[in-house]
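Structure record follows, encoded as structure tokens.
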């Protein structure tokens, strides 16, 4: 093994000590940084990067997607469907793009066991593989015995209690119907059942 010249030793030690000091400075704990860079879209359609909330600057958050061809952007912001129109859009988009994960993202999983969850995920996957015909809101039943008679409370706007997904099977002619219940949880609308 060849010995290094004496003049090379101090340079190596000096470099090693500088590198070690740099590494230790990076390893030192940083103060907690709460700011993150957000990509927003202002009303004119211009992308804006900021560390503030998008709504604080009069813009909306722009979701980054690694979209496949034909994929659609999510309509709702903030991680869940805040109204029924957003939920309908997500269900329609999930089925049209054959994306079971997108459909699962609007399903109410709270309190579900693993076994039940896997069976529901298989069911959602099967639903996304069939062509969509229509999604029909399921309204609450009128009180028994009225038979279409005048019912004063009927003038009050009622929300649907479920969604009926009308599809065809692979052969294109056999109808398939799936009915989901609707669940309102933490300010969002979810599918259930």
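The values are calculated or read from the model by the stated rules, or taken from the named source; none is laboratory data. All values derive from a computational prediction rather than experimental measurement. Methodologically, a virtual Cβ is constructed for each residue, glycine included, from the backbone with ideal geometry; neighbour enumeration extends over all protein chains shown.
At pLDDT 85 or above and over 16 Å from residue 89 (Cα atoms): is that true of residue 126 in this structure? Walk me through it before giving the result.
Values: at pLDDT 85 or above: yes; over 16 Å from residue 89 (Cα atoms): yes.
Against the criterion (at pLDDT 85 or above and over 16 Å from residue 89 (Cα atoms)), residue 126 qualifies.
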Inset, instruction - Kindly list the number of the only condition in (1) assigned to a loop (DSSP other than H, G, I, E, B); (2) closer than 17 Å to residue 187 by Cβ; (3) at pLDDT 80 or above that fails for residue 85. - result: (1)
Legend entry - Residue within region 111-124 that is under 24 Å from residue 173 (Cβ atoms) and in a helix (DSSP H, G or I) present: yes
Legend entry - Pair list, Cβ under 6 Å, 6 or more apart: region 80-94 residue touching a residue at least 12 places away in the same chain (Cβ under 8 Å), other residue part of a helix (DSSP H, G or I) and crowded, with 22+ Cβ neighbours inside 10 Å: 81/87; 81/90; 94/103
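Okay, residues lined up against (1) under 29 Å from residue 48 (Cβ atoms); (2) out of contact with any helix residue (DSSP H, G or I) (no Cβ under 6 Å at 6 or more places or on another chain); (3) modelled with pLDDT of 90 or more; (4) surrounded by 12 or more Cβ atoms within 10 Å (Cβ to Cβ):
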residue: 61; (1), (2), (3), (4): yes, no, no, yes
residue: 64; (1), (2), (3), (4): yes, yes, no, no
residue: 68; (1), (2), (3), (4): yes, yes, no, no
residue: 73; (1), (2), (3), (4): yes, yes, no, no
residue: 79; (1), (2), (3), (4): yes, yes, no, no
residue: 95; (1), (2), (3), (4): no, no, yes, yes
residue: 100; (1), (2), (3), (4): no, no, yes, yes
residue: 108; (1), (2), (3), (4): no, yes, yes, yes
residue: 112; (1), (2), (3), (4): no, yes, no, yes
Legend entry - Top-ranked residue in region 154-193 [being out of contact with any helix residue (DSSP H, G or I) (no Cβ under 9 Å at 6 or more places or on another chain), within 15 Å of residue 136 (Cβ to Cβ) and touching a residue at least 40 places away in the same chain (Cβ under 8 Å); ranked as surrounded by the fewest Cβ atoms within 10 Å (Cβ to Cβ)]: 175
